[in-house]
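**Q** Below: one structure in structure tokens.
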Amino acid sequence: MAASDRMVLAPLVGSIDQGTSSTRFLVFNAKTAELLSHHQVEIQQKFPREGWVEQDPKEILKSVHECVERTCEKLQQLNIPITNIKAIGVSNQRETTVVWDKTTGEPLYNAIVWLDLRTQSTVERLLKRIPGKNKAFFKFKTGLPLSTYFSAVKLRWLLDNVEEIKQAVDEGRAMFGTIDSWLIWSLTGGKNGGVHCTDVTNASRTMLFNIHSLEWDPELCQFFDIPMEILPKVRSSSEIYGLMKICPSLKSGALTGVPISGCLGDQSAALVGQMCFQDGQAKNTYGTGCFLLCNTGQKSVFSEHGLLTTIAYKLGRDKPVCYALEGSVAIAGAVVRWLRDNLGILKSSQEIEKLAAEAGTSYGCYFVPAFSGLYAPYWEPSARGIICGLTQFTNKNHIAFAALEAVCFQTRELLDAINKDYGIPLNQLQVDGGMTNNKVLMQLQSDILCIPVVKPSMPETTALGAAMAAGAAEGVGIWSLNPGDLTAVTCERFEPQINPEESEFRYARWKKAVMKSMGWETSEGPSNG
């Protein structure tokens with residue numbers, strides 16, 4: 001039987017992967033996990049003021065329609081019937097906050113992106129209401145510190161500053177959601193009966209959700225003064241939420257009636273896609289930011305070293321919830337985009353590998369890309385980016401190398417924290433995400449961690465995780481998550497090639513640079529006016 005004939009018979013699962021910098025739609029064979037086709041569209045980020053990061057929710061939705069349409073066309077060219085797509089999963093950038101009007105289906109403001117900093121003064125105001133201004137006050141309920149990063153403070157800012165949103169809330173027209181909620185509501189009918197829901201992994205990033213009771217927490221909603229009626233219904237990560245409705249921009253009427261049955265925040269989706277189902281298994285995703293998650297099973301572990309406690313997944317209504325320790329770094333791939341778009345020293349993101357390889361070293365130059373303050377393990381919003389150790393000899397190649405090293409050093413800080421909190425040192429690191437195509441980066445990462453780095457040959461693990469959740473959902477049942485049925489993944493390994501002493505020396509210098517980046521910004525400054 002020809003390969004294309006086999007494909008015709010196999011059930012397929014589609015996966016919407018809506019990230020910070022791009023949207024993708026990918027289609028997988030549910031029996032072999034093989035990626036059959038995909039399409040990607042870059043998303044515009046708007047920076048209306050210093051520290052502000054926004055996206056247009058309608059552009060995000062349009063990009064999903066475009067990716068679905070193009071991928072379906074590619075499948076038809078391969079003679080694969082799109083009627084074989086039996087389920088759709090959604091994975092998304094987390095925390096990014098949208099408020100829309102349920103009567104018109106229109107967003108009431110741009111989406112405020114997770115790494116946006118406008119809420120710093122909101123955070124400071126809220127801290128004054130907490131005993132001892134303790135950022136970790138809600139940690140045991142939410143797993144999170146009070147920070148600009150999470151949705152509750154973004155939503156508070158919108159309610160305080162956008163008249164249209166205040167009015168819509170008063171009139172009962174407003175709906176809040178993270179990107180998954182906005183997409184699922186829009187794709188299942190929008191103002192004509194769209195389903196307003198989210199899953200436990202996305203809900204656990206809002207700071208309004210109790211990660212133990214798995215419910216919106218009235219006390220937290222009261223503290224942030226958020227009306228509970230605008231919140232989506234919280235569901236598991238793997239169940240049928242609703243069916244795709246005909247959408248005017250999908251010319252072919254493709255996928256109408258197909259269930260949307262998987263939903264995971266992108267980092268949880270990558271954990272599932274990397275098949276980290278055992279306690280102590282971990283993965284690091286290199287996207288716009290860097291996210292190291294370690295599965296802690298059915299017990300929530302609370303960090304003493306600046307990590308978050310988050311929900312890993314709940315793969316079915318009656319399935320147990322699993323937790324993870326997470327180290328989050330705001331700027332990873334974003335530093336490459338910055339070198340390309342702001343400084344113009346790269347023509348394309350891929351070029352950084354060539355420049356860094358030419359340099360072979362940063363020549364004592366260290367780059368701390370604290371563009372949005374520092375996330376884990378410091379949670380220091382006053383930090384800003386610095387490049388130090390410059391000499392007359394430093395050139396753009398050294399800066400490119402230092403930027404890649406920065407991603408690796410930040411990951412090392414996360415790994416150190418997970419090893420201390422979890423108590424079982426990782427003996428290798430599973431990696432994924434767009435930046436893992438950069439072999440210089442992967443080798444550097446192994447050198448700086450002093451352990452092997454293991455990359456699956458199919459790097460789209462985030463999309464795969466959402467597809468697995470969708471295909472395994474009750475009522476779909478075409479993807480088995482039993483350990484014995486999971487396909488073995490071929491991997492590329494990078495082994496450490498420098499001696500640990502040199503690695504430790506460079507890491508110590510990096511720590512020194514981090515200290516110099518802190519305490520830079522104050523919210524009283526004129527630039528915040």
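**Q** Can you name the strands (runs of 3 or more DSSP E) wholly within the stretch 191-247 that have at least 3 residues being crowded, with 17+ Cβ neighbours inside 10 Å?
**A** Per the criteria, 197-199, 238-243.
**Q** Sticking with this one: Looking at ASP447, ASP416, ASP421, ASP432, which is the one that is touching a Lys or Arg at 6+ places or on another chain (Cβ under 7 Å) and not aliphatic (A, V, I, L, M)?
**A** On inspection, the qualifying residue turns out to be ASP432.
**Q** Considering ALA174, ALA152, which residue is in contact (Cβ under 8 Å) with a residue 24 or more places away in the chain, more than 13 Å from GLU229 (Cβ to Cβ) and buried (at least 21 other Cβ atoms within 10 Å of the Cβ)?
**A** The conditions single out ALA152.
**Q** Would the stretch 386-396 turn up any residue that is closer than 16 Å to ALA332 by Cβ and either open to solvent by 30 Å² or more (accessible area, probe 1.4 Å) or among the basic types (Lys, Arg) (or both)?
**A** Looking for residues that are closer than 16 Å to ALA332 by Cβ and either open to solvent by 30 Å² or more (accessible area, probe 1.4 Å) or among the basic types (Lys, Arg) (or both), one finds none in the stretch 386-396, hence no.
**Q** Restricting to the stretch 401-432, name every residue that is modelled with pLDDT of 90 or more and among the hydroxyl-bearing types (Ser, Thr, Tyr).
**A** Across the stretch 401-432, the qualifying residue is only THR411.
**Q** Then there's this: Can you tell me which residues in the stretch 433-453 are charged (D, E, K, R) and either at pLDDT 95 or above or more than 20 Å from ALA417 (Cβ to Cβ) (or both)?
**A** Passing the criteria: only LYS439.
**Q** Next up: Taking the criterion of being in contact with a Cys (Cβ under 7 Å, 6 or more places away or on another chain), closer than 30 Å to LYS455 by Cα and charged (D, E, K, R), would at least one residue in the stretch 257-277 satisfy it?
**A** no
**Q** If I ask for residues that are charged (D, E, K, R), open to solvent by 40 Å² or more (accessible area, probe 1.4 Å) and closer than 16 Å to GLN18 by Cα, which ones from the stretch 35-68 would you list?
**A** GLU42, ASP56, LYS58, GLU59, LYS62, GLU66
**Q** For the stretch 87-108, which residues satisfy the criterion of being touching a strand residue (DSSP E or B) at 6+ places or on another chain (Cβ under 7 Å), open to solvent by 20 Å² or more (accessible area, probe 1.4 Å) and over 15 Å from CYS197 (Cα atoms)?
**A** GLU106, PRO107, LEU108
**Q** Also: For the stretch 268-302, what are the residues that are outside any strand (DSSP E or B), open to solvent by less than 10 Å² (accessible area, probe 1.4 Å) and either of a type in the set (A, V, I, L, M) or within 14 Å of VAL329 (Cβ to Cβ) (or both)?
**A** ALA269, ALA270, LEU271, VAL272, GLY289
The values are calculated or read from the model by the stated rules, or taken from the named source; none is laboratory data. In this text, all values refer to a predicted model and were calculated from it rather than measured experimentally. Glycine gets a Cβ as well: all are built from the backbone with ideal geometry, and neighbour counts include every protein chain shown. With ligands, DNA and RNA removed, areas are computed over all heavy atoms of the protein, side chains included. Shrake-Rupley method; radii C 1.70, N 1.55, O 1.52, S 1.80 Å.
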